[in-house]
Amino acid sequence: VKFARFPHICKGKIAFSYHGDIWVANDDGSNVRRLTDNVANEVNPRFSPDGRWIAFTSDRTGNNDVYIVPVEGGEPTQLTFMTVNDNVQYWTPDGERVLFSTDRGDFVWGSPFYSVSKNGGLPVPMAMYQASFGMMSQDGKMVAFNRNSARYGRKHYKGNSSADLFVQNLATKEIVQLTDTDP
């Protein structure tokens, strides 16, 4: 497969986006299956910690929203319903919530991460000012994130859009900046 994107691996399986759909395969490349078949662009698949679900981002309704689908296949379930973009980042370690970045919130230039229950319901913001990409530690104590979108398309980019790395302790809410990309 050429041009597969956004791979994620868990328990001997790989999920990825190819031609705008979500696919899953064994980690040796065998047993490739398409999980979604839609004209929408579906990207950023992320396995739940138990490997039973895949959360992904889809623009089926005109903007990006968060969906989940069983790894074995089935009809995807929409979890967010906002008219702005919601983009899957990761799962909480207990597998009960999906962490996502979003354009919703009180700030003009960004929003904190939000999480939504895998069973649906209202999304809940995290206690941070702004986040774009990131993930939660496996023990659920820390979140690593960028405040703005990384410029991964340009090697050695050091301009004012470079993405610094931050870590937040979820118990104390303290945020520490780990990198300083200011030229």
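The values are calculated or read from the model by the stated rules, or taken from the named source; none is laboratory data. Computed from a prediction, not measured in an experiment: that's the story for all the values here. Note that each Cβ is placed from the backbone with ideal geometry, even for glycine, and that neighbours are counted across all protein chains shown. Only protein heavy atoms, including side chains, enter the accessible area calculation; ligands, DNA and RNA are left aside. Shrake-Rupley method; radii C 1.70, N 1.55, O 1.52, S 1.80 Å.
Values for this structure:
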| read-out | value |
| --- | --- |
| Residue under evaluation Gln130, criteria (1) farther than 24 Å from Arg97 by Cα; (2) modelled with pLDDT under 90; (3) of a type in the set (S, T, N, Q), criterion not met | (1) |
| Residues (in a loop (DSSP other than H, G, I, E, B), over 23 Å from Arg33 (Cβ atoms) and of a type outside the set (A, V, I, L, M, F, W, C)) located in region 71-97 | Thr80, Thr83, Asn85, Thr92, Pro93, Asp94, Glu96 |
| Members of region 111-127 that are touching a Gly at 6+ places or on another chain (Cβ under 6 Å) and either open to solvent by 30 Å² or more (accessible area, probe 1.4 Å) or at pLDDT 90 or above (or both) | none |
| Subset of region 17-72 that is among the hydroxyl-bearing types (Ser, Thr, Tyr) and within 24 Å of Phe133 (Cβ to Cβ) - its residue that is most open to solvent (accessible area, probe 1.4 Å) | Thr61 |
| Residue within region 158-166 that is at pLDDT 85 or above, open to solvent by less than 20 Å² (accessible area, probe 1.4 Å) and aromatic (Phe, Trp, Tyr) present | no |
| Hits in region 1-38 (condition: under 14 Å from Pro76 (Cβ atoms) and either in a loop (DSSP other than H, G, I, E, B) or of a type in the set (S, T, N, Q) (or both)) | Ser17, Gly20, Leu35, Thr36, Asp37, Asn38 |
